[in-house]
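Only one structure is covered here, and it is reproduced in the block below.
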Amino acid sequence: MGASLTKAAQWTSSGTGKLEFTPMNESLLKEILCFVEQFSSQHPQEAEHVFEAPLQWSTTLVASDFKTDYDISDLDVQSHEKDSEGLPLLKLSPPTVYVRSFSQLAKLVHLADDKKLEEVRACLEENRDPVVKILGPCFAIMLDGEGPHTDVLHLVGKDQVKDSEVKVKLFHLLQNMDKQLLSKLLEKISEQVRLDPTAVKNDMELLKRFCSEGEKRVLKSVRYTSDYEFANGCRAPLWRQVHGEICHLVIETCDTEDLYITCSTTGVFVNGGIKQERAESGYERTSDMYKDLVTLLKSQSPYFAENINKQDFAVEELPSTQRIQHVESVDKKEQGQPQRSYEQQEKNVHDKARQQQTLYKTGREKFYVPCPRWKNLGLTFPSCEAEEKKSSKSSAGAMPKKKLGLGAKSKIKAEFSVSSIPGRLSSQKIKTPAGAMPVELSSESSLESEEEEEQSERRVESDTDLPPEYWQIQKLVKYLKAGDQTATVLTLCAMMDFDLMQETCQLAIRDVGGLEVLINLLDTDEVKCKIGSLKILRKISHNVQIRQTIVDIGGLQNIVRILDSPVAELKALAAETIANVAKFRRARRTVRHYGGIKKLVKLLDFSWNLDTLTPNQKKDVEVARCGVLALWSCSKSAKNKKAIHKAGGIPLLGRLLKSRDENMLIPVVGTLQECSSKESYRIAIQTEGMINDLVKNLNSDNDELQMHCASAIFKCAEDKQTRDLVRKYNGLQPLVSLLGKVNNKQLLAAATGAIWKCSISTENVAKFQKHKALETLVGLLTNQPEEVLVNVVGALGEFAQIPASQAVINKCGGIKTLVKLLVGTNEALLVNVTKAVGACATDKNNMSIIDQLDGVRLVWSLLKNPNPDVQSSAAWALCPCIENAKTDDRLRRHLAEAISQCCMWGSNRASFGEAGAVAPLVRYLKSKDSAVHQSTAMALYQLSKDPQNCITMHSKGVVKPLIQMMGSDDEMLQEAAAGCVRNIRLLAQANRNARLFY
């Protein structure tokens, strides 16, 4: 629940903070569930320990699920067990549950029955750092320590631990559980290992020999960042081992700055600068992935690369990882010859690669295909039967059981010298003419998602045999490398007969070097070969690892170049492939860098009438549709949005928006709503007349299209002109009707967001009320995800600006629900809730309910929130509370203190005056409570620093009571009263002098 949750768990990167549905996460959740269920019986004393702060989350449980040991009142539930202050250790206020001990936590998951894992997932998602709440921040920091031993009593002083012996025991229990979780997760990913600690140690021993003094010295020093070695041979911290990392090195070369290197199961790379084991940063990859340390050093240090060639090391002296990749790739004809040096064998590999590239284009080598498909067509090939016998012999004898994670074995590697080990890209790739992508200095927008960037391979296979499709596809790739043009086309057709959407088939192509072959085919002059290659790439690029590999080998720029082709089918296939690949930042940047944005926008430009199209014109429309798909993927980049605008994409998108084809409309609207975050796009969407088309498509039967249209309106309705246009084109009623689709949360979030922004205009609120929007919105305040709640409450805050709406919110029970939301943690939701509560508080009946529900105190407590937006919204909400609050002096005192403190920042003094808070404060001076007098006088003193407030105070007769209070025995009251009177008199004197002057 420490490092295992925050560092080993796999979280989504869209900003929602959700755990991904992966096997590793499921295993993690089950282990934590088991720990919680057994905790009370195994550790009864620690189970009763009261947490520092409650764990709270949105639960699926309701009051009826709780039996004995609980007090049930309507929808709310409280446990009989209470802390020393009489507060319950479990409290349910639907949909939120608050739990303050492991004992109650165990009881709750027991009550959840078949929804146990769902509850654990929700708890961890909404309490990202649970140890902080359980033990406090001091213990949580220690729990994250990566050393083999952690002595709490040594790290924490006696004054901090005090007599909390139970707390210390609980700390050790959580620490042990955390390590066990990490160890089990490491076992789960053990099947993915390609490099291992032994191979890395061998590499290190070899490199240390290069550090000797004299002529053979090519390195200064080689060392690990950590001296501690775990039982598995790794030196990386446990939470980094979960990500496949073995150890971290610092290598001092003779001609460069120190290199900080990570050795992982998938290869080695330069990191961001990890200098010690406990470092919390620097783990990011800053270079290409290399197959071993020697290859990395040759790429980073010219001196090393030059002098290593002078060293004559026999092959048997090389580490095992290098022998696998180089010795086994020697041709059969050379097996009887003496073993060659490292450099000679590497040169042999590249000579073969260049020869293969030439053969793709010349077609001079004999072509072989597998028998089953082609025998039926009456075609025979000499080696076909031999290949099948060889394959069956292997499967029966030498290769009985192979795992998907292991990829092609030595026999296949000997035949395919340009293939790479599965899961790792060889640093020596078949280069396309485009070469490697130059580095772009400026980074993408920080708002852009990094959902796939540099993901490690997550394939975890059981001991099941590889399916026959895996070997059949690998054999086809072999033929693809060796065939002439006609044979290549036939082989591509054979590959397309397989289900290329299956991961097994996709990775079979990658594991044997098929991606490089398919990319190289795009450089040929044969249109059929290009079409076949793109059809395969289009399908397999749905796989995360495949599309990252395409970018790594420089394939994306080849695909971008095809956008200039005169062949419509080629352009469409290329654009659709780009749409699949450009799902992460590096790919989107590559598309822009090689001119892909302009080319994609150009695909949208055609002059045909969409309603009357000839067959050839339909091809152009299909090209445009694929172009929009690619632009949609690329538009997640801020720089790409600018590039689309600059290339003239907005009017072209506006023209396509008039299409009746949903397959065209969805990517068009998707692109527009993605770009609508930019003000320049919102203005262009207005001027191009697209609001009318967006409103029309709200009436579509397609939920996805409706969602994107509503989302575009949501973003564009920041501007008043857009809000007016939505009303003008009768778009308010369709938005209200979308509120009925409560099962589609994405659509519901978009619709409520659009209603929220449109309701900023009071004219729209009047229209919404005719369609009963307010009652429906109040009904959505419960059992909804936070992204929906933020929008719903935002809309209620705007509706509540009209007095008639305040009564409706109260009548529908909305006041109680809004007050409950004041205890949440979502800052955007808190801003909107305080605004809505403050608006409702202007009605005295509503204020009475808010007061009864302790709402004023909750709003006041938000003034301590670290977010300034929450503070500001809470301060505004307090203003009507001041005016309409009852003969309670304690409340008056706290409200006056809050205003006094808030006046210290920015223009809050003037804002309080504009909100009408000054006059009610003057009336507070009539109280008989001296504490109210003091806090009120201090608030009035701060407010009097604004001239307009002084005028208001004077008109309400504040001077006389303040003069009386200047004679009080309370020095603070004296000073505050005198200061306020002084400011009023100075303003009066200034006005008098001004009149005399003029």
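List of remarks:
- Being in contact with a Ser or Thr (Cβ under 7 Å, 6 or more places away or on another chain) and either open to solvent by less than 40 Å² (accessible area, probe 1.4 Å) or at pLDDT below 90 (or both) is true of Gln56.
- Restricting attention to region 456-486, the residues being in contact with an Asp or Glu (Cβ under 8 Å, 6 or more places away or on another chain), at pLDDT below 75 and under 26 Å from Met289 (Cβ atoms) number 3.
- Output for region 940-997, where each listed residue is over 14 Å from Gly913 (Cβ atoms) and assigned to a loop (DSSP other than H, G, I, E, B): Gly957, Met966, Gly967, Ser968, Asp969, Asp970
- The condition (being at pLDDT 90 or above and over 24 Å from Lys184 (Cβ atoms)) is satisfied by just one residue among Ser84, Ser93, Ser64: Ser93.
- Glu48 among the charged types (D, E, K, R) and under 18 Å from Asn127 (Cα atoms): no
- Sole residue being outside any strand (DSSP E or B) and under 22 Å from Thr825 (Cβ atoms), chosen from Val120, Val97: Val120
- Residue-level analysis places Thr491 outside the set of residues that are assigned to a helix (DSSP H, G or I) and under 27 Å from the mean Cα position of the chain (by Cα).
- Within region 230-254, residues that are open to solvent by less than 30 Å² (accessible area, probe 1.4 Å) sit with their Cβ atoms under 8 Å from residues that are among the basic types (Lys, Arg) and assigned to a loop (DSSP other than H, G, I, E, B), at 6+ positions apart or across chains, in these pairs: Pro237/Arg278; Ile246/Arg235; Cys247/Arg235; His248/Arg235; Val250/Lys275.
- Exclusive hit being surrounded by 19 or more Cβ atoms within 10 Å (Cβ to Cβ) and either under 42 Å from the mean Cα position of the chain (by Cα) or in a helix (DSSP H, G or I) (or both), set Leu891, Leu895: Leu895
- First in region 197-210 and touching a residue at least 60 places away in the same chain (Cβ under 8 Å) and open to solvent by less than 10 Å² (accessible area, probe 1.4 Å), second anywhere and among the hydrophobic types (A, V, I, L, M, F, W, C) and outside any helix (DSSP H, G or I), Cβ under 7 Å, 6 or more apart: Val200/Ile246; Val200/Cys247; Val200/Cys263; Met204/Val222; Leu207/Leu219; Leu207/Val222; Phe210/Val218; Phe210/Leu219
- Sole residue being outside the structural domain of Cys902 (by the TED database) and open to solvent by 50 Å² or more (accessible area, probe 1.4 Å), chosen from Gln801, Gln871: Gln801
- Qualifying residue in region 845-863 (condition: open to solvent by 60 Å² or more (accessible area, probe 1.4 Å) and under 22 Å from Gln948 (Cα atoms)): no
- Of the residues making up region 925-941, at least one is in the same structural domain as Leu829 (by the TED database), in contact with a Pro (Cβ under 8 Å, 6 or more places away or on another chain) and modelled with pLDDT of 85 or more.
- Sub-6 Å Cβ pairs linking a first residue in region 78-90 that is open to solvent by 80 Å² or more (accessible area, probe 1.4 Å) to a second residue that is not in a loop (DSSP other than H, G, I, E, B), at least 6 apart or interchain, are Lys82/Pro88, ordered by first then second residue.
- Val591 meets the stated requirement of being out of contact with any strand residue (DSSP E or B) (no Cβ under 8 Å at 6 or more places or on another chain), assigned to a helix (DSSP H, G or I) and modelled with pLDDT of 95 or more.
The values are calculated or read from the model by the stated rules, or taken from the named source; none is laboratory data. Nothing here was measured: the structure is a model prediction, and the numbers come from that model. Every residue, glycine among them, receives a Cβ derived from its backbone with ideal geometry; neighbour counts consider all protein chains shown. Surface areas here come from the heavy atoms of the whole protein model, side chains and all, with no ligands, DNA or RNA. Shrake-Rupley method; radii C 1.70, N 1.55, O 1.52, S 1.80 Å.
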